[in-house]
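Take a look at the structure set out below.
The values are calculated or read from the model by the stated rules, or taken from the named source; none is laboratory data. Owing to the predicted nature of the structure, the values given are computational and were not obtained by experimental measurement. Here the Cβ positions follow ideal geometry from the backbone for every residue, glycine too, while neighbour counts run over all protein chains shown.
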C-alpha cells in the first residue's frame, strides 16, 4: 500500500502530516507526560489529530506499535530459526509455528530452508524448551541461529512517498 | 520501586493511544507516571532501548519486497563487513550468526528492503560494489509470504513465577 492511498479524503495536508509523523517519530518519541500533545505542537495540530492519525495507521496495519525497540538479548533471549518444510505441508507447519506466543516474525523464504521465524523467551532454558516442543509438534528439525554480534539494528526506516505522494481522489 | 518485569511486559505491546499513555501504563502496574518515565529514560541512557517511537510495517509502506542476504565471510573480515553493510539505509539488520555445517555455511545476515525484487537486487549489487565483496559466497532469500509479524513478546505475563525483578529507579 502506498502512502498516498492512506488518504481517504484526498487531503494533501493529512498526507504531509502522516509523512512527517512517520519520518520524525520512528525515534525520539517524547517520553513526557503528554507525548501526543507535544508532537502535535511541533507539527502544528492538536493532540486529538495525532491520536486519530495513529489510530488510523494502526487500523490500516501500517503501524505495528508505538514503543521501544530493545537491544537484542537485553530483556530476554531470542534466536532465528529455520526449517526445511516439504512444500505441501508448509502452510500447516507455518500455522503451528505462528500459534506460539514466543514467535513474532514468521516468513516463507525461497530456499531449501523455506520457513524462517524468530523465537523469543525470557531465558535460555525457556527458549530451548520451546524449540524442542516445536520439533516434537512438527516432526521437523530446527536450525537455530542465535545472534552472535549485532552490527546494525533497525533504527527506523526512511519513508519516501511512493508515486511521488500524489493523492488519488 | 518499579516492577521491571511488569513494566516491560506492558511496554513491549506498545503505548496506549490516550492523552497520558505513561500514566495509563503506570496505573496498570501499580506505579506512577514519573517512575515509568524515569525508568524508560534510564533504559535509553544505558542503550537497553535502541530506539523509541513508531514501529511501522515496511510492506504496508510500499516496500513490498524484502530479502535476507546471507554471506560466508572469513572470520578476519566479518566485523568490518558487518559494519559496512549496516550503513545502507535499505539494510535494517546486520548480524553475525553461527554457521551450521554442512547445511549452512553462512555467518553474516542482512535484511534488505526494496520496492520490488529488481530494487532489492540493485541494492545488493550496491552492497557488493561498495563493500568490496566480489566473489564472496552469498545467497539472497526473498520472502514470499508473511505468516506473522509483530513486536517481540519476551515476557509471557502468564509466567509470573520466575525471574521477577524489582529494580529501584
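For region B:64-77, enumerate the residues that are outside any strand (DSSP E or B) and in contact with a strand residue (DSSP E or B) (Cβ under 6 Å, 6 or more places away or on another chain). Of everything in region B:64-77, just one residue is outside any strand (DSSP E or B) and in contact with a strand residue (DSSP E or B) (Cβ under 6 Å, 6 or more places away or on another chain), namely B:73. Scanning region A:141-152 for residues being surrounded by fewer than 18 Cβ atoms within 10 Å (Cβ to Cβ) and out of contact with any helix residue (DSSP H, G or I) (no Cβ under 8 Å at 6 or more places or on another chain) gives a total of 4.
Filtered by the rule that a residue be more than 17 Å from residue B:51 (Cβ to Cβ), at pLDDT below 90 and not in a strand (DSSP E or B), region B:88-115 gives B:88, B:90, B:115.
In summary, strands (runs of 3 or more DSSP E) completely within region A:45-111 and bearing 3 or more residues that are within 7 Å of chain B (Cβ to nearest Cβ) and touching a helix residue (DSSP H, G or I) at 6+ places or on another chain (Cβ under 8 Å) occur at A:63-70, A:103-109.
Pairs are defined by a Cβ separation below 7 Å, a sequence spacing of at least 6 or placement on different chains, a first member in region A:33-44 that is in a loop (DSSP other than H, G, I, E, B), and a second member that is surrounded by fewer than 16 Cβ atoms within 10 Å (Cβ to Cβ); the pairs so defined are A:34/B:19. Among the residues of region B:5-25, is there at least one that is at pLDDT below 90, in a loop (DSSP other than H, G, I, E, B) and closer than 24 Å to residue A:58 by Cβ? Yes: one or more hits. Among the residues of region A:120-140, just one is modelled with pLDDT of 95 or more, outside any helix (DSSP H, G or I) and buried (at least 16 other Cβ atoms within 10 Å of the Cβ), namely A:140. For region B:38-50, residues that are buried (at least 18 other Cβ atoms within 10 Å of the Cβ) and in contact (Cβ under 8 Å) with a residue 60 or more places away in the chain total 1. Taken over region B:70-123, the criterion of being under 16 Å from residue A:147 (Cα atoms) and away from every other protein chain (no Cβ under 11 Å) is satisfied by B:71, B:72, B:73, B:75, B:105. More than 9 Å from chain A (Cβ to nearest Cβ) and either farther than 20 Å from residue B:127 by Cα or surrounded by fewer than 21 Cβ atoms within 10 Å (Cβ to Cβ) (or both): is that true of residue B:25 in this structure? Yes; evaluated as a whole, the condition is true for this residue.
Given the criteria within 9 Å of chain A (Cβ to nearest Cβ) and either touching a helix residue (DSSP H, G or I) at 6+ places or on another chain (Cβ under 8 Å) or buried (at least 21 other Cβ atoms within 10 Å of the Cβ) (or both), does residue B:35 qualify? Outline the logic, then answer.
On the way: within 9 Å of chain A (Cβ to nearest Cβ): no; either touching a helix residue (DSSP H, G or I) at 6+ places or on another chain (Cβ under 8 Å) or buried (at least 21 other Cβ atoms within 10 Å of the Cβ) (or both): yes.
Considered against the rule, which asks whether it is within 9 Å of chain A (Cβ to nearest Cβ) and either touching a helix residue (DSSP H, G or I) at 6+ places or on another chain (Cβ under 8 Å) or buried (at least 21 other Cβ atoms within 10 Å of the Cβ) (or both), residue B:35 comes out as no.
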